[in-house]
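Engineer: If you scroll down you'll find the structure; I have some questions about it.
The values are calculated or read from the model by the stated rules, or taken from the named source; none is laboratory data. A quick note: this is a predicted structure, and the numbers were derived from the prediction, not measured. For neighbour counting, all protein chains shown are included, and Cβ atoms are generated from backbone atoms with ideal geometry for every residue, glycine included. Calculation scope for accessible area: heavy atoms of the full protein, side chains included, ligands and nucleic acids excluded. Shrake-Rupley method; radii C 1.70, N 1.55, O 1.52, S 1.80 Å.
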Amino acid sequence: MAAEILDGKKHADGMIEEVRARVAEITSRGKRAPALAVVLVGDDPASQVYVRNKVTACSRTGISSIEHRLNAGATQGEINTLVDSLNADDSVDGILVQLPLPRHVDAKSVLLRISPAKDVDGLHPYNQGLLLQGAKGLRPCTPSAVMHMLKAHGVPMKGARAVVIGRSEIVGKPMAFMLLEEHATVTIAHSRTQDLPGLCRQADILVAAIGRPGMVEGSWIKPGAVVVDVGINEVTDELLAAKIMANEPKKLETLKTKGRVLCGDVRFGEALHTAGSITPVPGGVGPLTIAGLMMNTLFAQTPSLTL
Ligand code: NAD
């Protein structure tokens with residue numbers, strides 16, 4: 001039987017609607033809407049698309065967004081000054097500095113400078129510490145929203161074996177801690193892990209956050225497993241596509257007509273035959289991430305809210 005598709009877009013729409021209703025309630029009481037400041041340095045095309053999507057999501061929810069664009073040559077001092085002014089501005093609830101920053105900028109020190117109370121990406125060590133302790137706080141948007149969806153789908157996590165491939169600060173590590181918090185038995189796999197296929201075959205919940213197109217083969221998946229594919233990869237190579245998208249004629253067609261196609265870290269066409277449920281790419285984790293950002297911005301304004 002083919003796996004159930006975990007429709008991230010549909011779930012994200014529900015999250016966005018939940019935020020919109022809360023924002024409407026807040027403003028109806030005469031309070032200002034939550035406000036998100038988005039800082040974009042330089043003109044990286046992918047970053048521009050991400051920022052545009054975040055600003056659009058703000059308008060859907062009623063959250064106000066303020067864009068701050070600095071040119072690619074902006075100095076560390078200029079970026080720091082901007083972050084300091086946003087920290088001090090009472091009309092700003094959340095600050096998002098779009099990554100990557102230009103090479104000459106020390107991104108870690110910029111992220112460290114953001115007030116933990118406004119750190120809607122959940123990357124400040126203070127918020128990471130709260131997550132480690134299992135305490136309430138601002139958490140990275142992608143894993144938070146993935147957990148929101150898994151819970152809504154009633155995915156059993158208590159005692160489940162979870163494998164997270166990837167150990168980044170923004171996805172892999174926080175994802176592992178959130179699964180642990182739900183009492184899963186979690187293994188974090190990474191580029192030096194031995195026998196990755198064997199490890200994956202033990203996973204009731206498999207999360208791939210690698211950034212390598214189609215690396216996870218169908219044969220790596222335990223029958224009935226829940227598979228969350230976080231990777232977003234652009235493929236332009238027809239030979240590679242033929243190998244990893246063998247059972248996905250629509251994607252191969254897209255590549256032919258557009259010269260590029262998006263895919264995840266998991267070979268979706270193969271995984272469909274083994275997994276119990278799986279998130280597609282696109283339309284899976286991507287929309288969830290933005291919905292998670294909206295929830296975080298609302299939470300930054302009103303930390304007492306339970307979402
Ligand atoms: P990253 O590059 O920071 O981390 C990748 C991780 O993969 C590393 O920890 C590394 O150890 C691991 N890895 C690399 N090669 C490996 C291998 N051969 N075997 C096992 N592990 C290996 O990336 P990231 O920021 O965590 O993002 C991962 C992917 O998720 C990317 O494709 C990114 O675009 C995507 N992403 C998607 C969303 C979304 O909203 N859907 C959000 C964030 C990231």
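Engineer: Can you find even one residue in segment 270-277 that is open to solvent by less than 20 Å² (accessible area, probe 1.4 Å), under 30 Å from GLY94 (Cβ atoms) and either at pLDDT below 95 or of a type outside the set (A, V, I, L, M) (or both)?
Structural biologist: Checked against the condition, which is being open to solvent by less than 20 Å² (accessible area, probe 1.4 Å), under 30 Å from GLY94 (Cβ atoms) and either at pLDDT below 95 or of a type outside the set (A, V, I, L, M) (or both), segment 270-277 yields no hits at all.
Engineer: Taking segment 148-176 on its own, how many of its residues are hydrophobic (A, V, I, L, M, F, W, C) and within 14 Å of the ligand (Cβ to nearest atom)? Quick ask: steps written out before the conclusion?
Structural biologist: Within segment 148-176, the first condition is being hydrophobic (A, V, I, L, M, F, W, C), and the residues that meet it are 149-150, 152, 155, 157, 160, 162-165, 170-171, 175-176.
Those still in the list that are within 14 Å of the ligand (Cβ to nearest atom) too: 149, 163-165, 170-171, 175-176.
Of the residues in segment 148-176, 8 are hydrophobic (A, V, I, L, M, F, W, C) and within 14 Å of the ligand (Cβ to nearest atom).
Engineer: Test of understanding: among PRO287, PRO249, which residue is open to solvent by 10 Å² or more (accessible area, probe 1.4 Å) and farther than 21 Å from LEU206 by Cβ? Full working, then the answer.
Structural biologist: Numbers: PRO287 fails: farther than 21 Å from LEU206 by Cβ.
Criteria check complete, one pass: PRO249.
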